[in-house]
Amino acid sequence: MRLEPGTKAPAWTLPTADGTKLSLADLRGKKVILYAYPAAMTPGCTKQACDFRDSLASLTASGYAVIGISPDTPAKLAKFTERDAITFPLVSDEDKTVLNAYGAFGEKQNYGKTYMGVIRSTFVIDEKGVLTHAFYNVKATGHVAKLRRDLGLD
């Protein structure tokens with residue numbers, strides 16, 4: 001089930017790359033960009049994470065917190081954070097409960113084969129925990145620039 005703008009964002013508390021826990025409730029009062037990606041340290045996911053990293057100062061200045069979510073283990077997220085100098089939290093959803101709740105896990109097709117996987121998605125959540133945007137099947141390359149335009153930040 002895909003989420004629509006205007007609905008309350010599903011709550012979550014998940015482990016981060018550094019072993020601490022982060023929850024959506026911790027971010028109440030801030031605008032949040034939660035982006036779902038399939039796998040740390042793969043080419044597309046690295047490009048997307050580095051784009052968010054490189055835009056983080058301007059996103060933060062505009063009042064947004066950025067959080068990446070994937071089914072990777074916290075240990076793999078820690079390696080990804082260190083290797084690519086990721087400067088925002090990455091959270092681990094190994095059992096895909098949160099990804100499912102956001103509609104970011106489901107059937108995908110690649111080279112004619114159907115399989116279950118993470119649907120690259122981005123969710124913008126306002127200060128009260130309500131979705132203002134829900135983007136599904138986004139491209140890894142160029143997505144942050146498009147998101148900035150959609151949010152009126154360019």
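Quick check: anything in region 134-150 among the hydrophobic types (A, V, I, L, M, F, W, C), within 22 Å of LYS21 (Cα to Cα) and either at pLDDT 95 or above or in contact with a Pro (Cβ under 9 Å, 6 or more places away or on another chain) (or both)?
Going through region 134-150, the residues among the hydrophobic types (A, V, I, L, M, F, W, C) turn out to be 134-135, 138, 140, 144-145, 147.
The next check asks that each one be within 22 Å of LYS21 (Cα to Cα); those that pass are none.
Within region 134-150 (the criterion being among the hydrophobic types (A, V, I, L, M, F, W, C), within 22 Å of LYS21 (Cα to Cα) and either at pLDDT 95 or above or in contact with a Pro (Cβ under 9 Å, 6 or more places away or on another chain) (or both)), the answer is no, since none of the residues qualifies.
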request  = Go over the candidates THR114, THR46 one by one and state the one that is free of Cβ contacts under 8 Å to residues at least 60 places away in the same chain and outside any strand (DSSP E or B).
outcome  = THR46
Enumeration of residues in region 33-42 that are buried (at least 19 other Cβ atoms within 10 Å of the Cβ) and either aliphatic (A, V, I, L, M) or without any contact (Cβ under 8 Å) to a residue 40 or more places away in the chain (or both) = ILE33, LEU34, ALA36, ALA40
message = Return the residues of region 127-145 that are surrounded by 16 or more Cβ atoms within 10 Å (Cβ to Cβ) and part of a loop (DSSP other than H, G, I, E, B); say none if nothing qualifies.
response = GLY129, VAL138, ALA140
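Every residue in region 89-111 that is in a loop (DSSP other than H, G, I, E, B) and not hydroxyl-bearing (Ser, Thr, Tyr), please.
PRO89, ASP93, GLU94, ASP95, LYS96, GLY103, ALA104, listed by residue number.
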key: Selected residue [free of Cβ contacts under 8 Å to residues at least 24 places away in the same chain and surrounded by fewer than 19 Cβ atoms within 10 Å (Cβ to Cβ)] from LYS96, LYS30, LYS21   = LYS21
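Yes/no per residue for (1) of a type in the set (A, V, I, L, M); (2) touching a His at 6+ places or on another chain (Cβ under 6 Å); (3) buried (at least 20 other Cβ atoms within 10 Å of the Cβ); (4) closer than 14 Å to SER121 by Cα:
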site: GLY44; (1), (2), (3), (4): no, no, no, yes
site: ALA49; (1), (2), (3), (4): yes, no, yes, yes
site: THR81; (1), (2), (3), (4): no, no, yes, no
site: ALA85; (1), (2), (3), (4): yes, no, no, no
site: LEU90; (1), (2), (3), (4): yes, no, yes, no
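Just give me the residues in region 117-126 being part of a strand (DSSP E or B) and either free of Cβ contacts under 8 Å to residues at least 60 places away in the same chain or among the aliphatic types (A, V, I, L, M) (or both), in sequence order. Write out each step before concluding.
Within region 117-126, the first condition is being part of a strand (DSSP E or B), and the residues that meet it are 117-118, 121-125.
Answer for region 117-126, where residues must be part of a strand (DSSP E or B) and either free of Cβ contacts under 8 Å to residues at least 60 places away in the same chain or among the aliphatic types (A, V, I, L, M) (or both): VAL118, VAL124, ILE125.
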ask   = Just a yes or no: is a residue in region 32-40 over 18 Å from GLY117 (Cα atoms) and modelled with pLDDT of 95 or more?
value = yes
ask   = Applying the selection to region 3-39, what residues are touching a strand residue (DSSP E or B) at 6+ places or on another chain (Cβ under 6 Å), in a loop (DSSP other than H, G, I, E, B) and within 14 Å of THR132 (Cα to Cα)?
value = LEU3, PRO5, THR7, ALA9, LYS30
remark   = The number of residues in region 99-126 that are surrounded by fewer than 18 Cβ atoms within 10 Å (Cβ to Cβ) and either within 12 Å of the chain's Cα centre (by Cα) or polar (S, T, N, Q) (or both) is 4
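The values are calculated or read from the model by the stated rules, or taken from the named source; none is laboratory data. Owing to the predicted nature of the structure, the values given are computational and were not obtained by experimental measurement. Quick reminder, even Gly has a Cβ in these numbers, built from the backbone with ideal geometry, and neighbours come from all protein chains shown.
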